[in-house]
Amino acid sequence: MPEVTWAHWLGWGVMIVMYLRYKIGPYRVRTRDGYVRVKVGGRRRRELEHRVKAERALRRRLQSFEVVHHRNGRRDDNRLVNLCVMSAQAHIRHHSWLDWYRASFGRYPARQLERAKLLELGGVLFEADL
Ligand SMILES: [Zn+2]
């Protein structure tokens, strides 16, 4: 029967600490590309906050082709008024339009104009925060 050494205890200790850090670590973490992940329903894996908030507001799951656009371009600003649910295709078109607008006028469009464009592309906007 192999002897239990201090190295065994150390190994178990490290594993327990790592597990706890993973399981009960911070509620919000920032991803390397600037998004925010949050824990949902005590599950181990954190989910993207903008998608979680959009799903709650819509009262349904997002479909695989749907993306959540950040209106002011800030990926960590997940207030509902900053989010817009749209198809991935519409999202690409919207960003092309934003790039074109900026190249033409030297600035991004006013919020009302951007809003009209998002609605034209079938985007779902949220008026108030939950
Ligand atoms: Zn976008």
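What the table shows:
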{"quantity": "Tyr35 among the aromatic types (Phe, Trp, Tyr), more than 15 Å from the ligand (Cβ to nearest atom) and surrounded by fewer than 18 Cβ atoms within 10 Å (Cβ to Cβ)", "calculated": "no"}
{"quantity": "Out of Arg75, Arg44, Arg59, Arg28, sole residue that is within 23 Å of Ala110 (Cβ to Cβ) and either among the basic types (Lys, Arg) or in contact with an Asp or Glu (Cβ under 7 Å, 6 or more places away or on another chain) (or both)", "calculated": "Arg75"}
{"quantity": "Qualifying residue in region 78-95 (condition: touching a residue at least 24 places away in the same chain (Cβ under 8 Å), part of a loop (DSSP other than H, G, I, E, B) and more than 11 Å from the ligand (Cβ to nearest atom))", "calculated": "yes"}
{"quantity": "Filtered residue count, region 58-73, keeping only those that are of a type in the set (D, E, K, R) and within 11 Å of the ligand (Cβ to nearest atom)", "calculated": "1"}
{"quantity": "Test result for Leu130, surrounded by 11 or more Cβ atoms within 10 Å (Cβ to Cβ) and either at pLDDT 95 or above or not in a strand (DSSP E or B) (or both)", "calculated": "no"}
{"quantity": "Only listed residue being among the small types (Gly, Ala, Ser), in contact with a Leu (Cβ under 9 Å, 6 or more places away or on another chain) and more than 19 Å from Asp33 (Cα to Cα), chosen from Ala103, Ala57, Ala116, Ala110", "calculated": "Ala57"}
{"quantity": "Search result, residues across region 114-127 that are among the aliphatic types (A, V, I, L, M) and in a helix (DSSP H, G or I)", "calculated": "Ala116, Leu118, Leu119"}
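The values are calculated or read from the model by the stated rules, or taken from the named source; none is laboratory data. Keep in mind that this is a model prediction, so the values were computed, not measured. Cβ: placed from backbone, ideal geometry, glycine included. Neighbour counts: every protein chain shown.
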